[in-house]
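Heads up, the thing below is written out as structure tokens.
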Amino acid sequence: MTKSFYITTPIYYVNDSPHIGHAYTNIVTDILARYHRISGKNVKFLTGTDEHGQKVEKSAIAKNIPAQDFVDQVSQTFRTLCTDLNISNDDFIRTTDQRHKDAVIAIWQKLQENGHIYKDKYSGWYSVRDEAFYSESEITEDKKAPTGAPVEWVEEESYFFNLSKWQDKLLQFYEENPEVIYPKSRKNEVISFIKSGLKDLSISRVSLNWGIGVPNEQKHTIYVWLDALTNYLSAIHYPDENNDDFKNYWPEAHHIIGKDILRFHAVYWPAFLMAANLTLPKKIIAHGWWVRDGQKISKSIGNIIVPADLINEFGLDQFRYFLSREITFGNDGNYSRANLVNRVNSELSNKIGNLLQRSLSMVYKNCAEEIPQNITDDIYEDNKLLADALSCFEKYSKAIETPEFSSAIGYVIELAEQANIYIDENAPWALKNTNPEKMQQILYVILETCRYIGILLQPIIPESATKILHALSVPQDQRLFMHLNAKFRLKSGTKIPLPQAIFPRFEGE
Ligand code: ME8
């Protein structure tokens, strides 16, 4: 049976337009989704928008637009971002969708039925920017949240979730499943937060109208995070636990998030799920922030970088490549235009583009516009470059699955470097008249290595990888990872199209 894989991005607040941070989350999630599809899995990739809560309500009021019209408009910009980035999501959920509202009501009722909700009074600090409650000990002297967001004092009737009861169960879960949170440093953070003592969580507000109402309670609106987190279930038909999507995907859930929302995903969410008798996510993967001059790039701070501008200037795949290659996953990345130009030129243009251009042009000119002839079945034997190509997948897949995108890409770049060295050392151009068969073999080995490079780059730079595979005339149905071996090697005599440059160089600053 085909294995299933379920992967999600956070659903983005529609308080303003998308920026490079959202683009980054979408791109790394897309890389994983594409990687698992090319591995032969049945993938569901979900993204969407988080449209309720005070923060969104305030933005709509500030713009003087009815909340529903406002969220319709901004949600569309996040959909457009997906298209602009060539994101392969299978679904786009909005918390204003009826299917989502039904699921939120269902989970609320389940928590209530199971005895985990009670009514009391909340008095404490709340940050609208973070849509989060903070305890007294977390508030800084100048009355800010640890994130720097302003807080306000709230005192009102509220429903509570008995989070404190789940402390030991959460610790036990992470002890028994140490691989769930990645990177490990984030796991340690979560564990110490849980150990510091969990308080029951306020999960309804009377001072909020823009949201999903508490069942049979006119006054109360469900806390935006309980609402939002449930999106991961609503898209797979919860509460219908017999639905095939639910049965196949829920046990394989992988949540990709930014480190800013770890507490919600690694503490509140698993507690809600346990309380609703549901299994817990398989992985919670937290990436770092893109920063500018040391500050998080954010709508609220106002130092955003618009993805469309960079895509227009450098090209989509160049942008995807830079974001996924530039930083060690989990760490923060400092956005710099000079680094973008440098990455694109030194790796995509100089290493891969150059390798393709020189080898394909030689083949086109000297081998009758076709994959070289005179290749025997033992071509892989004793060939160091092809051995490198063959062994690349194992390292690459281990890195991507970790996930460590930069090193996965690094292995492909190393392979291209080896191929460039192989051309230089074997100088096929010098053999044209003296030993044409040898020239054909050398060129064949290079093109065959490029086939690996093209297949491996598909999740990262899908359009350009398709161009590479097209340039090599690799059949459409032989582009999966299972085709990375000698059995599916390039077929001699296959016509190739006139080579075109794939990665232009950019001028530095
Ligand atoms: O938190 N660098 O939505 P949000 C990297 N609605 N990633 C960044 C970033 C940056 N500078 N800024 C934002 C929410 N992100 C909730 C989520 S999920 C059930 C609800 C990315 O619009 C990062 O993935 O504030 C972060 O977690 C997400 O955008 C938060 O987006």
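What ranking do 33-40, 388-395 get when scored by the average of other Cβ atoms within 10 Å per residue, highest first? Write out the running numbers ahead of the final one.
Working: 33-40: 20.4, 388-395: 17.0.
My ranking of the peptides, most packed first, is 33-40, 388-395.
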* About the Cα centre of the stretch 278-318, how large is the charge dipole given +1 on each Lys and Arg Cβ and -1 on each Asp and Glu Cβ? Please answer in debye to the nearest 20. => 380 debye
* Asked: For the stretch 225-299 and the stretch 388-428, what is the separation of their Cα centres, given in Å?
  -> 33 Å
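Taking only C-alpha pairs under 8 Å that are 6+ residues apart, what is the relative contact order of the stretch 1-112 in percent? Could the numbers behind the result be given before it?
Numbers: 143 pairs, mean separation 37.6, N = 112.
The normalised contact order for the stretch 1-112 reaches 34 percent.
Given a Förster distance of 25 angstrom, what is the FRET efficiency for Ser137 paired with Ser207, based on the Cβ-Cβ distance and rounded to 0.05? List each step's numbers first, then the result.
On the way: r = 24 Å, r/R0 = 0.95.
Efficiency, rounded to the nearest 0.05: 0.55.
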* Structure fact -> From the Cα centre of the stretch 142-221 to that of the stretch 86-103, the distance in Å is 23 Å
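Under the rule of -39500 (n - 2.57) per DSSP H run of 4 or more residues, summed and divided by the residues of the chain, what mean residue ellipticity at 222 nm is obtained, to the nearest 500 deg cm²/dmol?
On the way: 18 runs with 219 residues, N = 509.
After summing the helix terms and dividing by residue count, I get -13500 deg cm²/dmol.
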* Can you pull the percent of the stretch 48-193's accessible area that's carbon plus sulfur, 1.4 Å probe, other chains left in place? -> 47 percent
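Can you tell me how much longer the chain between Ala387 and Asp90 gets when fully stretched, taken as 0.36 nm per residue apart minus their C-alpha distance, in nm with one decimal? Mind dumping the intermediate values first?
Numbers: separation 297, 0.36 × 297 = 106.92 nm, distance 3.64 nm.
Result: 103.3 nm gained on full extension.
Residues with beta-carbon under 10 Å from that of Ser300, excluding Ser300: net charge, scoring Lys, Arg +1 and Asp, Glu -1?
Overall, the nearby charge balance is +2.
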* **Relative packing of peptides 469-478, 399-408 - highest average C-beta neighbours within 10 Å first** => 399-408, 469-478
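What does the charge count near Asn345 come to, summing +1 for each Lys or Arg and -1 for each Asp or Glu among other residues with Cβ under 11 Å from its Cβ?
Details: positive: Arg343, Lys351, Arg505; negative: Glu347, Glu507.
Cβ neighbours under 11 Å give a net charge of +1.
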* Spin-label model distance (nm) - Glu113 vs Lys491, 7 Å beyond Cα toward Cβ -> 5.7 nm
* Mind running the shape call on the stretch 140-274? Use the C-alpha gyration tensor, a ≥ b ≥ c as the square roots of the eigenvalues: rounded below 1.5 for a/c, prolate if a/b tops b/c, oblate otherwise. => oblate
* Please report how far the C-alpha centroid of the stretch 1-28 lies from that of the stretch 325-372, rounded to the nearest whole angstrom. => 26 Å
* Say each of Ile305 and Ala338 gets a label point 7 Å from the Cα, pointing the same way as Cα to Cβ; how far apart are those two points in nm? -> 1.4 nm
* Structure fact -> Note, Lys119: beta-carbon cut-off 10 Å, +1 each Lys/Arg, -1 each Asp/Glu, net -2
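How would the stretch 88-187 be classified by its alpha-carbon gyration tensor: rounded, prolate or oblate, with rounded meaning a/c under 1.5 and the a/b versus b/c comparison settling the rest? It would help to have the intermediate numbers written out before the result.
Values: a/c = 1.31, a/b = 1.14, b/c = 1.15.
Taking the square roots of the gyration eigenvalues as a ≥ b ≥ c, the stretch 88-187 is rounded.
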* **Spacing of the two label points (7 Å from each Cα toward its C-beta) at Lys199 and Leu498, in nm** => 7.1 nm
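The values are calculated or read from the model by the stated rules, or taken from the named source; none is laboratory data. Remember, it's a predicted structure, so these values are computed and weren't measured experimentally. Methodologically, a virtual Cβ is constructed for each residue, glycine included, from the backbone with ideal geometry; neighbour enumeration extends over all protein chains shown. Each accessible area value is taken on the protein alone, full model and side chains, heavy atoms only, with ligands, DNA and RNA left out. Shrake-Rupley method; radii C 1.70, N 1.55, O 1.52, S 1.80 Å.
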